[in-house]
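What follows is a single structure, written as structure tokens, with notes after it.
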């Protein structure tokens, strides 16, 4: 099932998977096994994502990519809302962040 979801990343409406289990059940091992079958440039793997991190990604930088985040809600930080939003409609859920001009 995980591999099917991973290969669906190229579809217009890809599948998503959340691996949940008790501590030390092999969740990270399963995730690593799945993404080992996918080319390196086709996935982005994080151990932790802050609540604002995804807002600063380039627009379309996650299109047709696997976003692999370790350790469930602790790894997601406050980004669970952003992740759910990305999985929803095919439109950008937020405007691009304003960048501060550099001094000098």
Kirkwood-based Rg to Rh ratio, segment 2-87, C-alpha trace:
0.93
Estimated inter-spin distance, residue 22 and residue 36, nm [label 7 Å along Cα→Cβ]
2.5
Gain on full stretching of the segment that runs from residue 29 to residue 83 - 0.36 nm per residue minus C-alpha separation:
17.3 nm
Give the order of 44, 86 when sorted by the count of other beta carbons within 10 angstrom, beginning with the fewest.
44, 86
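Read-outs: derived from the displayed coordinates by stated rules, not from any lab. Quick caveat, the model's predicted, so the values are computed rather than measured. Glycine also receives a Cβ, built like all others from the backbone with ideal geometry; neighbour counts cover every protein chain displayed.
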